[in-house]
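Enquirer: Before anything else, here's the structure in question.
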Amino acid sequence: MKNVIEVTELRKNYNALAAVDSISFEVEEGEVFGFLGPNGAGKTTTVRMLTGIIKPTSGRISIMGFGIEQDPIKAKQLIGVVPELSNAYNELSAWNNLQFMAELYGVSGRVARGRAEELLTKFDLYDRRDTKVKTFSKGMKQKLTIAMALMNDPEILFLDEPTSGLDVRSARLIKKMMRELNNAGTTIFLTTHYMEEANQLCSRVAIINHGRIAAIDAPEKLKTRIGGLEWVEVSFSTPVTVSDLPDLPQVLEVRSSGDKLQLYTDEPGSTISRLVDYARSTDRTIVTLNTLTPTLEDVFIKLTGDGRAG
Amino acid sequence: MMAHDISDQMRRACAIAKKDIRIYYLLGPVIIFGILSPTFLFLAFMMGKDLPVDFLIAGLMGMTIFFASTSVAPVIAPIETQSRNLERIAAAPVTITTVLLGDVLASVLFGILISFVPILLGMAFGVMVAHPLTLAAGIVLATFCFSAMGLIFSAAPTSITSSVMMISMMVKFPLIFVSGIFIPISDLPSWGRALAMFSPLTYITDLCRYSFQGTDAGYYSVSVDLGALTVFLVIFMTAAIKLHERSLPERL
Ligand SMILES: Nc1ncnc2c1ncn2[C@@H]1O[C@H](COP(=O)(O)OP(=O)(O)OP(=O)(O)O)[C@@H](O)[C@H]1O
Ligand SMILES: [Mg+2]
């Protein structure tokens, strides 16, 4: 697979603050690449540099072989950009916003009309195509902004928190659209705060914190990376409190959750047999027993919760 | 850039001009203000003075073109900074020159449209255009020149429209007094004549005098007027591009 985005030693300083601090990574053709990080980590700053909106302080960005600073027109021609906040023209209708995009990207009139109709229908905006965008709700604006980014049929689509603040149905529509586009071959660069969204959609994620990449890998591999630690969740036929349990050497933490107990352990196997022994010796039966593997959220908290002040 | 790329960018500049016209120019107040403000200013200064009507119309013409083409162009950048539309444009495959050219084109069309007002007004008073082709060339060149000038006012990386308006007013008002609009250049003292040479408004007003009042009414020759306007246009456009290239990153 060839790389469609190559980032080398990318850096952005705002006065004394290094918003993005020498990051390097590649995105392969056809990937959905997730960019996760807490507020202020430098996600938006990175996306804006990748899309040629702001200039890096130093470093190199290549979009399908074109340097974003050396060949900005050629690079920008190949990408679609959905920014953090909608930037459609409020005074233009949805239709005219889409046509303006087509003209800016040199899409011919006939193709543009067809594409605009298709996108407006897909995003449930066709009936409102002739109303000014200033009357649109946040979700409608967001969908229009995505449609605008798709008018040039981009090879790579950048989305900065596309589902933030949307209702479940709109968020699903947008996720479905990302999947469809990706299946049709579009590479997707996605920043998000929703771990589950990244987990479902992304082939690889980068976790960024304080302008640096803390980890970069496939979601499942990231989960195994935080050690063999797992939660074992158990419930007994009669209530057991945390203090009732015998000392279990492999268990690092025990917490109660409703009628269940959760044990954080690096050896789930032997922990389970100890629990069985305990049940037998106290004449209880085990009602449920589950192991919970770490979620992407656990990984995220572990990698970003380093106690440093934001 | 290759010829193909240049024509591509030209077409995209037209798209930007079309957007500007739709959003910023096709508004009742903008059009009415564009017509009324030079007319009122002019009447205020000329009321009661016993001057020939063709002299007045020529002066009004220069002023109208000046005001119309510098009215909206300066506020587009601060408005779009505020509304984040500029970020949309910055992500698109267009150069800063293309964007500014688009803004200039829209402003030129508006200036040309508004310039029909003094022509029609003149006709109503029986003032005929003696040199229509020269006038047409002058109007086109002057609207380009003033539109580019308008873009320089918005080069400060601010999103506050009123401060851009203030900068532009502070330059525009003094200029109308040193450009031979109210007093013919030939009647000015020598320092006044020297000062007038540095105002682009002088040359379009002079060209209007020639076009409306006949061959002898111009102070400079037609070629000097056209040449000077061209030189100002090149200077203003180059300066606007350089300044906006510098200020755009600070807006985003
Ligand atoms: N124009 C700017 N001038 C000064 N500092 C800035 C500017 N833009 C961003 N920053 C700083 O850079 C850092 C990274 O900001 P950025 O917007 O990239 O974060 P983010 O990861 O997108 O956060 P969020 O999840 O809240 O969107 C922040 O500390 C922010 O204050
Ligand atoms: Mg952000």
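Bear in mind that the values in this text are calculations on the coordinates, not laboratory data. Please read these numbers as outputs of a predicted model, since none were measured by experiment. No Cβ is skipped: glycine too gets one built from the backbone with ideal geometry, and neighbour counts run over all protein chains shown.
Enquirer: If you take the beta carbon distance between B:Val30 and B:Met123 as r and set R0 to 25 Å, what does 1/(1 + (r/R0)^6) give as a FRET efficiency, to the nearest 0.05?
Expert: Once the sixth-power term is evaluated, E becomes 0.55.
Enquirer: Take B:Asp5, project a point 7 Å from its Cα along the Cβ direction, then tell me which residues of the range B:89-131 have their backbone nitrogen under 19 Å from it.
Expert: Taking a point 7 Å out along Cα→Cβ of B:Asp5, the residues of the range B:89-131 whose backbone N falls under 19 Å are B:90-102.
Enquirer: Pairing the Cα long axis of helix B:132-153 with the longest principal axis of chain B, what angle in degrees results, from 0 to 90 and rounded to the nearest 10?
Expert: 50 degrees
Enquirer: Turning to a different aspect of this structure: Rounded, prolate or oblate, given the Cα gyration tensor of the range B:113-201, with a/c below 1.5 counting as rounded?
Expert: oblate
Enquirer: Could you compute the net charge surrounding A:Arg60? Neighbours are other residues with a C-beta less than 15 Å from the C-beta of A:Arg60; K and R count +1, D and E count -1.
Expert: Result for the local shell: -2.
Enquirer: Measuring from centroid to centroid over Cα atoms, what is the spacing of the range B:171-236 and the range A:125-151 in Å?
Expert: If we compute the Cα centre of each part, the gap is 49 Å.
Enquirer: Relative to the present Cα-Cα distance, how much length would full extension add between A:Ser237 and A:Ser257 at 0.36 nm per residue of separation?
Expert: Additional length available on full extension: 5.7 nm.
Enquirer: Only Cα pairs under 8 Å and at least 6 apart count here; give the relative contact order of chain B as a rounded whole percent.
Expert: Relative contact order here is 27 percent.
Enquirer: Got a sec? How would B:Cys145, B:Cys14, B:Cys208, A:Cys202 order by Cβ neighbour count within 10 Å, fewest to most?
Expert: B:Cys14, A:Cys202, B:Cys145, B:Cys208
Enquirer: Right, another one. Do the alpha carbons of any pairs in A:Lys176/A:Lys221; A:Lys55/B:Lys19; A:Lys143/A:Lys221; A:Lys43/A:Lys141; A:Lys12/B:Lys18; A:Lys2/A:Lys302 sit beyond 30 Å of each other, and which pairs?
Expert: Pairs exceeding 30 Å: A:Lys143/A:Lys221; A:Lys12/B:Lys18; A:Lys2/A:Lys302.
Enquirer: Classify the protein assembly as shown as rounded, prolate or oblate, taking a ≥ b ≥ c as the square roots of the eigenvalues of its Cα gyration tensor: rounded when a/c is under 1.5, otherwise prolate if a/b is larger than b/c and oblate if not.
Expert: Judged from the Cα gyration tensor, the protein assembly as shown comes out prolate (a/c at least 1.5, a/b above b/c).
Enquirer: Net charge within 13 Å of B:Ser211 by Cβ-Cβ distance, Lys/Arg positive one each and Asp/Glu negative one each, not counting B:Ser211 itself?
Expert: Around B:Ser211, the charge tally is -3.
Enquirer: In what sequence do B:Asp5, B:Asp103, B:Asp20, B:Asp225 fall when counting other Cβ within 10 Å, fewest first?
Expert: Neighbour counts put them in this order, fewest first: B:Asp5, B:Asp20, B:Asp225, B:Asp103.
Enquirer: Ranked by Cβ crowding within 10 angstrom, fewest neighbours first, how are A:Trp231, B:Trp191 ordered?
Expert: Ascending number of Cβ neighbours within 10 Å: B:Trp191, A:Trp231.
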